[in-house]
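The values are calculated or read from the model by the stated rules, or taken from the named source; none is laboratory data. The structure presented is a predicted model; accordingly, all values stated were derived computationally and were not measured. Ideal geometry is used to build each Cβ from the backbone, glycine not excepted, and the neighbour counts take in all protein chains shown. We work out accessible area using only protein heavy atoms, side chains counted, and drop any ligands, DNA or RNA first. Shrake-Rupley method; radii C 1.70, N 1.55, O 1.52, S 1.80 Å.
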Amino acid sequence: MNKMKLLPVMAYRGVKQNRLVYRPYLMTCFFSVFSYYLFASLLHNDLMERLPKAAYAWMMLAIGKGLLSIILLLFLLYAGSFLQKRRKRELGLYSLLGLERKHIGILLLWENAGLYLVSVSAGILLGFVLNKLMFLILLRMSRLDVEVAFYFSEAAVVETFRYFAVVFLCIYIKSLWGFYRLKPTELMTESRKGEKEVRHVWLWTVVGGITLVCGYYISVTSKLDSMIFTDFFLAVFLVVLGTYFLFTSGSVTFLRFLKARKSIYYRPANQVTISGMLYRMKKNAAGLSNICIFSTMLLITLTCTVTLWIGMEQIAYYDYPYDLQAAYSEHSNVMEKAGEKAEELAEKYGQGIERLDVYNAMKLACGRQQGSNVFTSAADLAFADQYAVTLVTLDDYNRLEGQDQTLEEDEVLLYATGTAFGFDSVNFMGVEASVKEEPAQIYPYPQAKNRMFDFTAQYVMVVKDETALERFASAWAQVNGVTDVEDFLHRGVRHLCLLLDTEETQRDVFIEEWAAWCQGQQDFLQIENGLEGRDEDRSLNGGLLFIGLVFGILFFMCLLLIMYFKQVSEGYEDQNSFEIMQKVGMSEGEIKGTIHRQILLVFFLPLVGAFLHTAAGLVMVNGLLAALRFFDTGLLIRCCVGVAAVVTLLYVSSYLMTARTYYRIVKK
């Protein structure tokens, strides 16, 4: 029979005979295709474009799909290397039996083409079935209340086929390179070879330690400023690099140190365990590094997802403390009518009024260098040193907070939404004043629970009366070159703010009618609907939650696959070692105990490393969440501990399942 006709059959039989390693690989390919098709289908859904409140969710999905395409390419290339290593002995045997290199190249092409068609077709079919369900989950997380009809996107299907055609082409080229660079005799033994041992392990151990410490330092010392995202990617890069160095060289260095200690090494149990671990570390350090990195990514992703889910309402109310805010010129008499209209609408729609606040405020852009009590012009300062300072009279403050404070002419109350001001006096554009007190809160200006973050923070300065307010405002106008000071002093804003204390559906109708009434009043300037603003925040965070959920599952699948392949490859490599250990007199129980200790220590070292990475990265995660207006550090820590406990259980369960495969192979 023609060799060319035999090649497709041989490709099929090769996959079938190695189903122990191909089955989990195919399952991962299914899920990878499903994940990519899911993002593509959601992005091509016309409903996402027609919903104005879903614009942020669409943006998050687009970013998520870009990241997903990079992660899937790199991971599937890595996973494919396990299969290629397992097949090299078989391909070497084919070469010795007479198949030419071009025939084996075509054989690999048939194999990859078959895997490509099966994976993409099954993944798209799964996505086709679950598309509506996943879209409903996205809408639920984004708090978007819409009716969803069945939707099928041909563009998403075409895009998925194209993307994975590129991925499997890269896998095919990599497998060809791995085959053509070796002789047939080398292929026969290549499957038993591990990772090459790194030379100069002491040097790379030191480099890895320094790199990891630098990554930790950037993470722990990072602050919420314009460099937070740059610092994040730099810290991630350094931690990943340090992890690879320490697992490939540091672990070997440590085991060599133990081996050199005669009092430790020359004990029966320790000798076998240390020798076995040293052998495994030399061979499989790269795989353990990947397990550590994916475990860290899983911990960080799930921590952020759970924290955002629990703290979503806190974020929404931080940005929009009122259900409705209307602004008028400062001399408007809207207060006289506001109370009556609010009571009328509350009775009409069965609503309770929690707050109805009216106050004057003048918001000014100022600059303040860190560690200084001087507020100056913001024109020549860096963005991180620019703050908003709002001037409020004492009467308005007392009414807002239910206080009975008093102030002298040269005294102020100074409130900060970020780090406390911390000085007894303040110099505002050359005007000196004593800081009588720093209030604990002023309702319209919610304070971050974590006061270490000053980025986008603002100050509220409470002055004695209108005369004092004009004195500070005039100083600001002169410093900033305002020509018509008199006109500027009449630009204060009178705020009319409403907050209801119920969650009933009638609240939306109440706010809609109240907004219409507010816009019809004299001297109206602008209006801000807090209900709509909170919905937009929920939409943005809902998109992040959905991405976090999908990526969390993806990282867990990647982690599980790496663990499975390592157990399978090591199982085949340890068959002979298991037999030799029995021949030299070790009982089956002793052998199992030794192997169990080796595998247990090796596989749980990455988990310990992941916990250390997560603990160091928690400060930076705190800063990134603060950029989304989440400041509850205590909740973040509790969520991290809970996620770590769940991930540990999943990790142990995954280890036990994959360990059974290892023992089953070894016993054969």
Item to check | For F421, distant residues with modelled amide H under 5 Å away | outcome: A416
Checklist entry - Short version: what are the Cα gyration tensor semi-axes of region 286-325, square root of 5 times each eigenvalue, largest first, in whole Å? => result 37, 7, 4
Item to check | Chain lengthening between E401 and S653 when straightened (0.36 nm per residue, less Cα-Cα) | outcome: 85.3 nm
Item to check | Largest-first ordering by accessible area, 1.4 Å probe, given options V641, V460, V9 | outcome: V641, V9, V460
Checklist entry - Quick one: how many Å² of M657 are accessible to a 1.4 Å probe, rounded to 10? => result 100 Å²
Item to check | Per residue convex hull volume, Cα atoms of region 341-419, in Å³ | outcome: 159 Å³
Checklist entry - Between A420 and K363, what is the FRET efficiency for a Förster distance of 22 Å, r being their Cβ-Cβ separation, to the nearest 0.05? => result 0.60
Checklist entry - How big is region 388-430 by the Kirkwood estimate over distinct Cα pairs, in Å? => result 12.0 Å
Next on the checklist: Above 21 Å lies some portion of the pair distances; for region 391-538, what is it as a whole percent of all C-alpha pairs?
Outcome noted: 58 percent
Checklist entry - How much solvent-accessible surface does K16 expose, in Å² to the nearest 10, with a 1.4 Å probe and all protein chains in place? => result 110 Å²
Checklist outcome for this item: Ranking H490, H44, H103, H495 from most to least accessible area with a 1.4 Å probe gives H490, H44, H495, H103
Checklist outcome for this item: With a 22 Å threshold on alpha-carbon distance, the violating pairs from K65/K132; K259/K566; K102/K174; K436/K464 are K259/K566
Checklist entry - Between L77 and Q478, what FRET efficiency follows from the Cβ-Cβ distance if R0 is 60 Å, with the result rounded to 0.05? => result 0.40
Item to check | Per-peptide average of other Cβ atoms within 10 Å, ordering 330-336, 411-417, 510-516 highest first | outcome: 411-417, 510-516, 330-336
Next on the checklist: What figure, in Å² to the nearest 10, do you get for the accessible area of F168 with a 1.4 Å probe and non-protein molecules left out?
Outcome noted: 10 Å²
Item to check | Candidate residues L241, L109: accessible-area rank, largest first, probe 1.4 Å | outcome: L109, L241
Item to check | Distribution of pairwise C-alpha distances over region 471-533, 5 Å bins, in % | outcome: 3, 13, 21, 14, 11, 11, 11, 8, 6, 3, 0
Next on the checklist: If I take R0 = 25 Å and measure r between the Cβ atoms of F161 and N18 in this structure, what FRET efficiency does the formula 1/(1 + (r/R0)^6) give, to the nearest 0.05?
Outcome noted: 0.45
Checklist entry - Gap in Å between the Cα centre of region 303-334 and the Cα centre of region 395-420? => result 22 Å
Checklist entry - HN-Hα J couplings of region 513-525 from phi, Karplus 6.51/-1.76/1.60, θ = phi - 60°, integer Hz, Gly and Pro as x? => result 6, 4, 4, 4, 5, 4, 5, x, 7, 5, 6, 5, 10
